[in-house]
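Input: a single structure, listed below in structure tokens.
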Number of protein chains: 2
Amino acid sequence: MGRAAREAAAILAATPTETKAAALRAAASAMRASADTILAANATDMARGAENGLSPAMLDRLKLDAGRLDGIASALEAVAGLPDPVGESLKNWTQPNGLRFERVRVPLGVVGIIYESRPNVTADAGALCLMAGNACILRGGSEAIESSRAIHAALVEGLRAAGLPEAAIQLVPTPDRAAVGAMLTASGLIDIIIPRGGKSLVARVQDEARVPVLAHLDGINHVYIDKAADPAKAQAIAVNAKLRRTGVCGAMETLLIDRAAPETLAKDIVAALLDAGCEVRTTPDLLPLDPRLLMADTEDWDTEYLDAILSVARVDGVEGAMAHIAAHGSHHTDAIVTEDEAAAERFLRGVDSAIVLHNASTQFADGGEFGFGAEIGISTGRLHARGPVALEGLTTYKTLVRGSGQVRPG
Amino acid sequence: MGRAAREAAAILAATPTETKAAALRAAASAMRASADTILAANATDMARGAENGLSPAMLDRLKLDAGRLDGIASALEAVAGLPDPVGESLKNWTQPNGLRFERVRVPLGVVGIIYESRPNVTADAGALCLMAGNACILRGGSEAIESSRAIHAALVEGLRAAGLPEAAIQLVPTPDRAAVGAMLTASGLIDIIIPRGGKSLVARVQDEARVPVLAHLDGINHVYIDKAADPAKAQAIAVNAKLRRTGVCGAMETLLIDRAAPETLAKDIVAALLDAGCEVRTTPDLLPLDPRLLMADTEDWDTEYLDAILSVARVDGVEGAMAHIAAHGSHHTDAIVTEDEAAAERFLRGVDSAIVLHNASTQFADGGEFGFGAEIGISTGRLHARGPVALEGLTTYKTLVRGSGQVRPG
């Protein structure tokens, strides 16, 4: 599969935008045309999942219906309409000896995606890799294998319709653990592995991989409410950041409140969170604010709840907030709420996270919200790509040097 | 050391350009002031090296004299004059909901450099890391340890003079293999490892590292002489690409000649290379060109000689050259010589190498020649940085998002 992908990648690197887009549009049509087959395959997965005792949350992630399937097909069409990053001229410069340098964007090559039970990843990841000119090898979870196979068949139909090699998007047919091991050590055949799934999957990938990994780890995200915060914005952002969706990596996990902020500001925000059904854990000094508050213990400051639970602490201004975030954060997404521009800039510059926001919810940590059209994940690593990764993150560059016979002296 | 580096990195990330530059200038002065001490330390290394039977080439790499030391000090001053990449605004955009996005360059964090016997790497790598706002941990080879310690002392003097933490540039005091192992697995403390040295070092690092690696592998570089090549340019470029320095990674290792090129073109180039003292190995069809030619065997096409040896093959035009390079190249640096612009563009776009040149010598594969002011290595990987790596390659980015109270719907 690796060798076939490598050959396909060489073809895709030189494939015009319109051909890649045509393949994705044809795949969307094929997916709509074979909706019955895909939904039947999904029903098989769902039945086996129920038998195997999957949790309701996992079954919901696995489930497809006509609406969700149409959403997946529409996402393929949306990716087809994104600007093609390949060939983009990133930089041009000339040296005194007359050599003209041009840095141009090129595909990464072969991308390996290892994911769990969401069948939509098969389509989303395949589409993003293709549009960025990469071949991909998809290794989906066993829970969703029938659904993934049926969706993959539609993608292959799209590739065929556009005259592209079928190996451009390959699905590991039998999702055993050995396939993951083989992918993680396929140096020279796979250029990058992107794991999408829970902590244990990502940890295994990072531990065993001999191929570079673009991984997402914890999102222990903070919202800091400055003494100069607008109370209405502060309350709306805190509630949205925690509760819009509690299971996403951009959800707030710790709320930091400036010790110099008015007592009512803290009290109202905490009440709003509690009223909305959030469990709130805090330090002894804040307990009198509301009888529903619970005591936090030391682990709370380092916990990604991914649930309607929040820890709240008081800190000494922007510097105190930055110190807390440096000690407990995970370099994912952190926000400040303030009307003081200087405090905001200090926070934006000083917090070492992939995404740092001023007066906006941490739940904007998402490639779509960034305007990338889609995302293949959010990188918490520091190399290559940081934050939401979409088409650009699936490319690299090369340098073209145009001369007139120059040789290097000395 | 990792923890101290992490703390220093947090300070360096917010250090103004002028302070970093002042530290490097002070280090250059300290190096010049302590030239006697450094040269004495180097003499100790040289004596031990001779005793231990180091090759003349290795002893030459190890050797310092007044001129070389002054060159190292001048390089520190040159890095101090480079534009600071940190804080550079890379991209700005606004979303329909009013959120304003800004991607800014920030330091990578803590860089680990593992190198062999060249004592100048201690100064060069330390300077580049510092200027890009990174702390670094240097693990130099045991052959050069006295020289490296003496140079490192001057760097620390510079840091002190500028009021920067001494842990900004740390040298592993005892270069045992265990230190390498510890660095390679220091996830969370070291953000990137850059090995500088021979194949066995790089292979060990890539095999054992749990930290991302920016590595340089083989440079099996090609020059393709097209039928439309200017004969004088072709000859000058071929001789320079192979022989200017045979031991550098940008040296040509295989010459490809268009089957449709005039016989005299091939004959003259081969004669020029032979006349200049190069051993030339080729295929049976080319042997009649010159009695000094030797037969190549199949391994020659995949060999990085790093010596005055060259393999020469005939290929069918640009497409044939690209096929040969795809089969045998190492994605490092390849060149075409032609006056046919269309052929040149086809080659520039189609060859999947970090550096692709038209009418220029492959020996320009160098950060200094690219105008980067210096280089910490040439990356043959596809992620993060490709080709010569200097200050920019030692940074990453974060995204600042400025809002006015936006929360995410849905």
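The values are calculated or read from the model by the stated rules, or taken from the named source; none is laboratory data. These numbers were taken from a predicted model, which means no experiment stands behind them. For neighbour counting, all protein chains shown are included, and Cβ atoms are generated from backbone atoms with ideal geometry for every residue, glycine included. SASA here: full protein model, heavy atoms, side chains in, ligands and nucleic acids out. Shrake-Rupley method; radii C 1.70, N 1.55, O 1.52, S 1.80 Å.
Quick notes on this structure:
- When chains B and A come together, the accessible area they lose, probed at 1.4 Å and totalled over both chains, is close to 5800 Å².
- Taking the inverse of the mean reciprocal distance over all distinct Cα pairs, the Kirkwood hydrodynamic radius of segment B:221-364 comes to 14.4 Å.
- Inter-centroid distance (Cα atoms) of segment B:353-380 relative to segment A:382-410, Å: 11 Å
- The alpha carbon radius of gyration of segment B:1-76, expressed as a multiple of 2.2 N^0.38 Å, is 1.46.
- Gyration tensor (alpha-carbon) shape descriptor, segment A:95-231, a/c threshold 1.5: oblate
- Chain B, helix-only ellipticity at 222 nm - DSSP H runs n ≥ 4, -39,500 (n - 2.57), divided by all residues, nearest 500: -12500 deg cm²/dmol
- Inter-copy label distances for B:Arg177: 3.1 nm (label point placed 7 Å from Cα along Cα→Cβ; shortest first).
- The protein assembly as shown - accessible surface per residue (Å², probe 1.4 Å): 37 Å²
- Segment B:366-410 shape via C-alpha gyration tensor axes, a/c threshold 1.5: prolate
- Largest accessible area first, the residues B:His332, B:His152 order themselves as B:His152, B:His332 under a 1.4 Å probe with ligands, DNA and RNA left out.
- For B:Leu357, distant residues with modelled amide H under 5 Å away: A:Val401, B:Asp334, B:Ala335, B:Ile336
- Summing charges over all other residues whose Cβ lies under 9 Å from the Cβ of A:Asn92, with Lys and Arg as +1 and Asp and Glu as -1, gives +2.
- With the whole protein complex present, B:Ile11 retains an accessible surface near 90 Å², based on a 1.4 Å probe.
- The figure for B:Val79 is an accessible area of roughly 10 square angstrom, using a 1.4 Å probe on the protein chains alone.
- Rg over Rh, two decimals, segment B:311-362 (C-alpha only, Kirkwood Rh): 0.91
- When the residues A:Ile309, B:Ile336 are ordered by accessible surface, computed with a 1.4 Å probe over the protein chains alone, the sequence from largest down reads A:Ile309, B:Ile336.
- Cα-Cα over 18 Å, subset of A:Lys199/B:Lys398; A:Lys91/A:Lys398; A:Lys227/A:Lys267; A:Lys398/B:Lys233: A:Lys199/B:Lys398; A:Lys398/B:Lys233
- Label point of A:Asp297 (7 Å along Cα→beta-carbon): distances to the other copies' equivalent points are 6.9 nm, sorted ascending.
- With respect to the axis relating copies B and A by rotation, the chain B residue whose beta carbon is closest, plus that distance in Å, is B:His384, 2.
- For A:Ala232, label point 7 Å along C-beta direction: distances to other copies, nm: 7.7
- Rounded to the nearest 10 Å², the accessible area of B:Thr37 at probe 1.4 Å: 90 Å²
- Structural descriptor for chain B: relative contact order 18 percent, calculated from alpha carbon pairs under 8 angstrom and at least 6 residues apart.
- Span-like helix ranges in chain A, DSSP H, alpha carbon extent 20 angstrom or more, Kyte mean at least 0.0: A:17-33, A:35-51, A:66-80, A:145-161
- Rounded percent of accessible protein surface that carbon and sulfur make up, the protein assembly as shown, 1.4 Å probe: 54 percent
- Three-way shape label, chain A, alpha-carbon gyration tensor, a/c 1.5: oblate
- By the Cβ rule of 4.7 Å, the protein assembly as shown holds the following cysteines without a possible disulfide partner: A:Cys249, A:Cys278, B:Cys249, B:Cys278.
- One equal scatterer on each Cα of segment B:340-390, no solvent, Debye formula: the resulting log10 I(q)/I(0) at q = 0.16, 0.17, 0.20, 0.22 Å⁻¹ is -0.51, -0.57, -0.74, -0.85.
- Highest-fluctuation residue, B:Ala342, B:Ala78, B:Ala323 considered, GNM on chain B with Cα pairs under 10 Å: B:Ala342
- Taking A:Gly371, A:Gly329, A:Gly141 in turn, the Gaussian network model of chain A (Cα-Cα springs below 10 Å) assigns the largest fluctuation to A:Gly371.
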